[in-house]
Amino acid sequence: MSFSLLLIIIILTVIVSLNGFKDRELTEKLLYSPYRTKHYKEFYRILSQTVIHADLTHLIFNMFSLYFLGSLLENNLIAEYGMVQGEIHFLLIYLFGGIFATLIPYARNQDNPNYRSLGASGAVSAVIFATIIWNPTLQLGLLFIPIPIPAYIFGPLYLAFEYFADKKGGTGIAHDAHIGGAIFGILYVLIINIDKGKEFFTLIFS
């Protein structure tokens, strides 16, 4: 496999996260704090949180999800737009997906000094949902849906799960960040290739 942008992102994230497991000061410096972002102007945290994780399980789950679905999306984009433009699209989905994922947590917790979050989940969610829109018949099965089902069915079910888990609360997981990232991934694909959106919604409503 070529040394793609996806692999660079994964390697960087693994290196920083593993260092963070040994150096809690590094983790504290990089995690997302809406309060510190607003009151101390530490805007770098909006993106730095994507390269730091809570533990090895958190890191492995995010990187495996990113690798398997991100590889497909990256290849799709390169096939459609060429190497350079395809990689740029992939990078924008990942980076801005991570940024977009912080918007709801920021709105809710900008004056809450106790709220903190970390991990690439929001950015990974953007990649997952961009992949789903691009490949609506792809067979997927993750965690609570162990039986593979078409992506166009999996996507809405996953979003519904995240929504109700967010409403219920108490999970210690930033479900609102997952939702924010997913929304960005969907919107980005609709902007650059509306035909993919039409195919997705045709499958849902047919």
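The residues in region 53-74 that are in a helix (DSSP H, G or I), farther than 16 Å from Gly185 by Cβ and in contact with a Gly (Cβ under 9 Å, 6 or more places away or on another chain) can be counted, and the count is 2. The set of residues from region 25-52 being in a loop (DSSP other than H, G, I, E, B) and either more than 18 Å from Leu6 (Cα to Cα) or not hydrophobic (A, V, I, L, M, F, W, C) (or both) comprises Leu31, Ser33, Tyr40, Lys41, Glu42, Phe43, Tyr44.
Pairs linking a residue in region 107-127 that is modelled with pLDDT under 95 to a residue that is part of a helix (DSSP H, G or I), with Cβ atoms under 7 Å and 6 or more positions apart or on different chains, do not occur. Do the conditions hold for Phe200, that is, is it of a type in the set (Phe, Trp, Tyr) and surrounded by fewer than 16 Cβ atoms within 10 Å (Cβ to Cβ)? The answer is no for Phe200. Taking each residue of region 51-67 that is in contact (Cβ under 8 Å) with a residue 60 or more places away in the chain and looking for partners that are assigned to a helix (DSSP H, G or I) and among the basic types (Lys, Arg) with beta-carbon atoms closer than 7 Å, six or more apart or interchain, yields nothing. Just one of the listed residues (Ile179, Ile204, Ile183, Ile191) is assigned to a helix (DSSP H, G or I), under 17 Å from Glu80 (Cα atoms) and aliphatic (A, V, I, L, M), namely Ile191.
The values are calculated or read from the model by the stated rules, or taken from the named source; none is laboratory data. Here the structure is a predicted model, which means the values were calculated and not measured. Here Cβ is always computed from backbone atoms with ideal geometry, including for glycine, and neighbour counts include all displayed protein chains.
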